[in-house]
1. Kindly point out which whole DSSP H helices in the chain project their C-alpha atoms 18 angstrom or further along the helix axis while averaging a Kyte-Doolittle hydropathy of -1.0 or above.
2. Pairs of alpha-carbon atoms within less than 8 angstrom and 6+ residues apart define the contacts here; what relative contact order does region 140-195 have, in percent?
3. Need the full-extension length gain, H122 to E193, defined as separation in residues times 0.36 nm minus the C-alpha distance. One decimal, nm.
4. Sort region 94-212 into rounded, prolate or oblate with this rule: let a ≥ b ≥ c be the square roots of the eigenvalues of the Cα gyration tensor; rounded if a/c is under 1.5, and if a/c is not under 1.5, prolate when a/b is larger than b/c, oblate otherwise.
5. In percent, how large is the relative contact order of region 1-125, given Cα pairs closer than 8 Å and 6 or more residues apart?
6. Between region 159-212 and region 6-50, what is the C-alpha centre distance in whole Å?
7. Can you sort D146, D157 from fewest to most other Cβ atoms within 10 Å of each residue's own Cβ?
8. Would you mind checking which residues have amide H under 5 Å from V204's amide H? H placed 1.01 Å from N; only 5 or more apart, or other chain.
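Read-outs: derived from the displayed coordinates by stated rules, not from any lab. Being a predicted model, the structure only gives us computed values, none of them experimental. Positions of Cβ are generated from backbone atoms using ideal geometry, with glycine treated the same way; all protein chains shown enter the neighbour counts.
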Amino acid sequence: MSQTDFSTLKLQPALLKNLQSIGYAHMTPIQAQSLPHILAGRDVIGQGKTGSGKTAAFGLGLLQKLNVKRFHVQALVLCPTRELADQVAKEIRKLARTIHNIKVLTLCGGMPFGPQLGSLEHGAHIIVGTPGRIEEHVRKGALKLDNLTLLVLDEADRMLEMGFQEALDAIIDQTPQTRQTLLFSATFPRQIESIAGRVMKTPVMVQVEATH
Ligand code: ADP
Ligand code: MG
């Protein structure tokens, strides 16, 4: 068994079995470096270029952590665009294939509001979406984040570039202090340091490859 085998991690058997069946034999470098910390419940800041496998790093963390029997929102993944949110939701569903009755819901801007309200009434374990629309659902009381145990800020630098700072702050304000927070970003401008300083607890930094 090599050090980058997923089986070196304390993942539930259903997840390990599924990783084998979808052909994920070894962890990518960012997964190998971040997953032990993520599974230990630490806050993690991860930097890795596109295609390095960041989604499965946080996706396995949240799937391992959540309790399917408790049907309320336990994990929230914020992404800069609808396309990225759809990709992330697709990857999480693929990783979750052997976990029965798990509900992953995407909530993005540019999509009609009404059907999203209907979906929220039916409930979900994991929400993936863009900050503007998520903030709107939180503000209107349709999305409750009191049971959140894990928050992921994916492509955080792009979300800030797109002007989502206020929406992010408003959302994070409604989540429990006890949550675990994971932040992924390709670059680390001062704004990222600042948000990490405000919303994360002694985060572990994991850097796989400089992007420039
Ligand atoms: P990033 O978010 O870092 O840009 P993704 O999470 O989108 O990267 O992953 C890029 C691709 O690599 C996806 O198609 C994903 O299915 C695949 N992938 C991720 N982890 C592994 C792995 N351990 N083994 C094989 N393929 C993987
Ligand atoms: Mg990504």
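1. Qualifying helices, which must be both long enough and hydrophobic enough, are 82-95.
2. Once divided by the residue count of region 140-195, the mean separation gives 52 percent.
3. 21.9 nm
4. Here region 94-212 falls in the prolate category.
5. The value is 26 percent.
6. If you average the Cα positions of each part, the centres end up 20 Å apart.
7. So the ranking, lowest neighbour count to highest, is D146, D157.
8. D43, V44, I45
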